[in-house]
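No value in this document is a laboratory result; all are computed from the given coordinates. Keep in mind it's a predicted model, so treat the numbers as computed, not measured. Don't worry about glycine lacking a Cβ; one is built from the backbone with ideal geometry, like all the others, and counts go over all protein chains shown.
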Amino acid sequence: MAYYDGEPSPLGAAALAALAAAHLGTAPKKGQYERIASLADLWLLDHGYAFAAEAAAHLPLLSAACDTSGLHVREQVPPPRDSGPPTDPVVHRLRAHLASASEVDYQAAVGVLAGYRETAGQRAVAAFLAPGERAWAADFVAEALELGRHAPAEAVLCTLGTGAQLASVCAVGTMAWALRNPRVIPTLVDGVGTGAVPVLAEWAGYYGAETTKRIAEALAALPVDEAFERLLDLADQRPARESIPVAMKRFPVRSLRVLSRRCDGRSKPARFAARLLTARVLADPAAVEEALPVLDERARAVIERVREEHRPVPEAPPDDVPRLLAVPPWAKPRAITEQVVLDLDPGPPLVAWAPGERQAWRAEQTWAFQQPNAMERAIAQLREGVLDAHLTGQLAAHGPEEVGRPLLERWRPSDLWFAESWLPPMLARYELAALPLAVHVARAAPQAAGEFLAPFAGAEVAALMADWLARLRGPAREVALTWLRRHHRTAAHLLIPAALGEPGRARSAAESALLHLEPSVVAEAAKAYGRQVAAAIARLLATDPLDVLPARLPDLPDWAEPAALPQLLCSGGLALPRSAVRNFLVMLAISRPGEPYAGVGVVTEQIDPASLARFGWELFEAWQAAGAPSAQGWPLSALAWLGDDQVARELGQVIRAWPGEGGHSRAVLGLDVLAELSTDTALMQLHAIAQKVKFKALKARATAKVAEVAAGLGLTAEQLADRLVPDFGLSADGKLRLDYGPRQFIVGFDEQLKPFVTDADGKRRRELPKPGARDDAELAPAARKRFTTLKKDVRTVAADQVRRLERAMVHSREWTVEEFRLLFVEHPLLWHIARRLVWLAESDAGGTRAFRIAEDRTFADVGDNPLRLDERDTIRIAHPLHLGETVAAWAEVFADYEILQPFRQLGREVHKLTADERANNRLERFAGHTVPSGRLFGLGRSGWERSAAQENGMQPWLFRRAGTRHSVVIGLDPGIAVGVLDEFPAQRITAVWLDDQSPGDPCEPGTGPCFGALDPVTASEVLAELTELTGAGR
């Protein structure tokens, strides 16, 4: 304690530093780290460099702790594996001071450290503080590496001084974990310099996004070509992409040199490099011109080629520039109007349940109290104050009222894990009494719990919805919009007081929410508050949409530089000036998903559509190249207003890949963009994602979005899918003529919709030839490009259509004769599939006739006799069960005409229930079988789904919808572990039963309907799938 008594010593200073670090614990906050580091500042200020160096040398010999007996410190030599510099920041701060110290002060510190190198820990501190003493670093590194995987990794990496030392460290293979400490990478780079580049690049993906980001920042700061090359190699990782523009700005000549070497070819890295190079050349021509003399001949040639390919179109004169872009609304003086502030009472909250909604919420069950006396134990723990939040919520929802009702008034949990499991039944049970608790939960977790406020309307709920609408994106925003639509009249009444309240965020949000409602509804609600309110609201509703601007306009990011983007062409073919393009970008930036700023539509009507689409896609690509920052996600939303069919195709591919790159939220927004773009191609992409994508959550969201679009058109999702099949410009006979000038080729399609090519004389070719010297210079390349695009588009459509029609057969889907003719017989693409199937026509009287579509698009029966359809007939695809004994005859007809079927129809196996099974709820023949889990997952192709996760994290059954009222359920033991699909490689089938309740909450086996309730086709398909799964028929 001599240090406290005014007799400072290095050992005492070290002891106090060790005690301070121990008091903060193992995970101090950033500010606490800074306070500890400042001790080194005080040592230097009060006592000088020699004192500070000696104090640091004592640190490895001290062991401090904070436990039940208080704070204590003692001298103790640690074992070699713990012999690195202390992890507290004092030593790091002292190293920083020594790096900028005078030579005299530095040598004084080194002289002191030389006398304190007795233990491994002291040698580590000395080597770390004096990196110029190469021998010290070499001794410590060699000594540490002898410990192998027990070496003090942070200490070693922070002490290295040469590339050779780093190479020897890499040979150990257990050092990369230390990169998680944010101080290690800068210290390593400071010591090793550019020699660290290959190792940092190799370690970039080891320990998460934060480590990758720090490594990328280090590579962006290192002045060698290899560093930029390695940074480009990491471009697939979002944290690395964010550092590429920084490196390009810091080393402009180097970036031009490296990018020009990497941009050849059509590979993804080459295209990425070409995009960066093009943006750089176009955005800063002066800097590029200045760099040209020092670049090699090849780099100069590449840059000249970029310039030539992007030679600008002349700019339009000022009078031809759209007025809205020449003088945007934010450039004009804004009229100042006095805000009316009133204190209005919106009245008490109310609840309005949708039909069946309350009953469905109230019926939700919990597994929390399934064990004997579980509820009694939970109540006792609640009274003792030790019950966790989740079980408290379950108790409020399902426990005795005398326990649950008091919780509504006083309980406001901070732990909201799985609150969506207890909140709906609690609200259905207590209604308005539970609303304050529900608002608390929804405010803290809007994405998970916001939807459960849907039945309620009150001032607090309305304010919350207005806030989400103004501030959030994604599901919470959708909840707010849905709530406004559901309670539109009541919402207007509730929002008016807030819209006329004190100026601030709440008032602005309420004003914006009112503008989302029908003006006549808002005006009518305002009248109820009196003449003054009606006048004030009338002024709000009369606001010009072009004048609805944010309080502060956003700054455009570097990657949205107009010069680096394709030019926007006016109707006369001239380009918009860059100043006008910048104003257009601001309009896009202040828009919200699904809600473009009013000026966007005005401008796009005056711009060439093809140039808009190119501009939008390049803007989107630039955003992606910058790491797709979520705070600036407007380029994705803008594709809905700028895009075309080609953009829809490209975006569809990007959306499919995003979830695998950690971009699920971006993928969901991308689905909204496709739906809003709403061209046939965009909706086709949306439907394809809903049908086939490996990410379950994205597939479910796409399915819901398709249903939403279909409902808006008055169709079912399947009816919409029928109408989305493009004809690709094929002729009425389903062929495409390609014109090379002197030569013509015909494209046809086989039973799988795979295109093939024939000469004009009908001779089939292996592939479409490349244009030759005698072919037309314009027609031939255009025809070949069209064929290439056709192959890609048809490949996207073909497999989906075959699966869709097979599903239609299995589910006995029906069409009218008019729909059948329009969608299949006369469709130039689908008729290739339709004519390879047997169809059924059912009359009003119940008669059924089987037929096929002949080559001339007439209809024929099994005897090849002509067949006429009555316009009142219902058409569907025949299942072998419908054809009975005529299956063999139909197979013979198809064989005679050499017709190959797109899927198994006539050759399909037929299965039947036994009499006992028809009268029973269970299929006992499949119970007890053990099957590989992989086979169960494969059932997803036939429409089987995994159940929702239970509270133990397991999915205990699979189910398959069988008609509109039933589901077939497979019970599994032990069940599928969510997120760890390979946890259990095999599953035992405990039972197979029929259920008529919610698929997510099936009845117990033996208590539901009998299998005789299924139609024969559905029963046959279910039996076929289960037989294939278990091998029960073998």
Debye log10 I(q)/I(0) at q = 0.17, 0.18, 0.24 Å⁻¹ for region 913-1000, Cα point scatterers = -0.71, -0.79, -1.31
Prolate/oblate/rounded call for region 885-945, Cα gyration tensor, a/c under 1.5 rounded = oblate
Give me the compactness ratio for region 350-547, meaning the Cα radius of gyration over 2.2 N^0.38 Å.
-> 1.18
Which of the listed residues, H488, P932, G530, is farthest toward the dipole's positive end in the chain, when Lys, Arg count +1 and Asp, Glu count -1 at the beta-carbon?
-> P932
Compute the long axis of helix 696-712 from its Cα atoms, compare it with the longest principal axis of the Cα atoms of the chain, and write down the angle in degrees, 0 to 90, nearest 10.
-> 50
R180/R311 FRET efficiency (R0 45 Å; Cβ-Cβ; nearest 0.05) = 0.35
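Calculated FRET efficiency, T162 and E75, Cβ-Cβ r, R0 30 Å, to nearest 0.05?
Result of the calculation: an efficiency of 0.30.
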Roughly how many nanometres apart are two label points built 7 Å out from the Cα toward the Cβ at A389 and F937?
-> 3.3
About the Cα centre of the chain, how large is the charge dipole given +1 on each Lys and Arg Cβ and -1 on each Asp and Glu Cβ? Please answer in debye to the nearest 20.
-> 1120
The equivalent-ellipsoid semi-axes of region 800-896, taken as the square roots of five times the Cα gyration tensor eigenvalues and listed largest first in whole Å, are 17, 16, 15
Taking the Cα atoms only, what angle lies between the long axis of helix 664-677 and the longest principal axis of the chain, rounded to 10 degrees?
-> 40
Calculate, in nm to one decimal, what I379 and E409 gain on full extension: separation in residues at 0.36 nm each, minus their alpha carbon distance.
-> 9.1 nm
On the formula 1/(1 + (r/R0)^6), with r taken between the Cβ atoms of Q107 and R539 and R0 of 60 Å, the FRET efficiency rounded to 0.05 is 0.20
Would you kindly compute the Cα radius of gyration of the chain and its largest Cα-Cα separation (Dmax), both in Å?
-> 35.8, 116
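How much length is gained on full extension from F418 to K694, taking 0.36 nm per residue of separation minus their Cα-Cα distance?
Working: separation 276, 0.36 × 276 = 99.36 nm, distance 2.52 nm.
Full-extension gain reported as 96.8 nm.
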Can you work out D for region 456-591 in µm² s⁻¹ from Stokes-Einstein, where Rh is the Kirkwood radius over C-alpha pairs, the temperature is 10 °C and the viscosity is 1.306 mPa s?
-> 94
Amide H of Q744: which non-local residues (sequence gap of 5 or more, or other chain) have their own amide H closer than 5 Å, using H built in the peptide plane?
-> A760
Looking at region 915-974, which trypsin sites (Lys or Arg not before Pro) are in a loop (DSSP not H, G, I, E or B) and have at most 14 other Cβ atoms within 10 Å?
-> R965
How long are the semi-axes of the ellipsoid equivalent to region 141-234, from square roots of 5 times the Cα gyration tensor eigenvalues, in whole Å, largest first?
-> 21, 14, 11
Select from L994, P726, G458 the residue farthest towards the positive end of the dipole of the chain; place +1 on Cβ of Lys and Arg, -1 on Cβ of Asp and Glu, and compute about the Cα centre.
-> P726
Given labels modelled 7 Å from the Cα in the Cβ direction, how far is it in nm from V521 to R486?
-> 1.3
Return the distance in nm (one decimal) between the two label points of a simple spin-label model at D844 and E983, each offset 7 Å from Cα along Cα→Cβ.
-> 5.8
Along principal axes, Cα extents of region 736-791, largest first, whole Å = 34, 24, 16
Relative to the compact-globule scaling 2.2 N^0.38 Å, provide the ratio for the alpha-carbon radius of gyration of region 302-424.
-> 2.27
Would you mind calculating the gained length between A777 and W367 on full extension (0.36 nm times residue separation, minus the Cα-Cα distance), in nm to one decimal?
-> 140.4 nm
Please determine, in degrees from 0 to 90 and to the nearest 10, the orientation of helix 578-589 with respect to the longest principal axis defined by the Cα atoms of the chain, where the helix direction is its Cα long axis.
-> 80
Measuring from a point 7 Å past the Cα of D558 along Cα-to-C-beta, which residues in region 261-275 have an amide N at less than 19 Å?
-> 272-275
Expressed to one decimal in nm², the mean projection of the alpha carbon convex hull of region 722-767 is 4.1
